[in-house]
Amino acid sequence: MPTTRIEKLFPMAGTRGTMTNKDYESQKLARFENRTEMALGKSKEYAKDGDRLANFKEAAQVLGVHPLTVASVYFYKHIAAVLTYCRKTSLGQTPELSEPIEGRIQDAQEYLDIIAALIKDTTSGT
């Protein structure tokens, strides 16, 4: 039985059982709620003048690139960590982690939302 918040969000690796639709949806909802809470907290640090995407726009301006490029670099960092984790785990190796893989997964999901928002923001002029 899961005892910590992380174990509830991501059942321990190596467990073998049946993932029911109910269990899957319950875990998915718990991860979404946790990610939303985390994103709201971080947004205070990154938003400026009411613009949730200001951090990406400012970095893009400084670097001379599009805001989507900035967001994709941040996204890639987390995807690369997840891919390395999956590869090493599938080979029976223990991945070296600078932070829990669950956090990387949640961050990658959040960056997909940010990328979607940037696409809408930069193509609609809002």
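Normalising by the residue count of the stretch 5-124, find the relative contact order in percent from Cα pairs under 8 Å and 6+ residues apart. Show your work: numbers first, answer last.
Details: 72 pairs, mean separation 27.6, N = 120.
Taking the mean separation of contacting Cα pairs over the length of the stretch 5-124, I get 23 percent.
Ranking Thr84, Thr94 by Cβ neighbours within 10 Å, fewest first, what do you get?
Numbers: Thr84 16, Thr94 7.
So the ranking, lowest neighbour count to highest, is Thr94, Thr84.
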Ranking of Ile101, Ile114 by count of other Cβ atoms within 10 Å, fewest first: Ile101, Ile114
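Which ordering of Thr69, Thr18 is given by a fewest-first count of other beta-carbon atoms within 10 Å? Walk me through the numbers before you get to the answer.
Numbers: Thr69 14, Thr18 5.
Lowest to highest Cβ neighbour count: Thr18, Thr69.
Laboratory data are not the source of any read-out in this text; all were calculated from the coordinates shown. Bear in mind the structure is a predicted one, so any value in this text is a computation, not a measurement. Please note: Cβ atoms are built from the backbone with ideal geometry, for glycine as well, and neighbour counts cover all protein chains shown.
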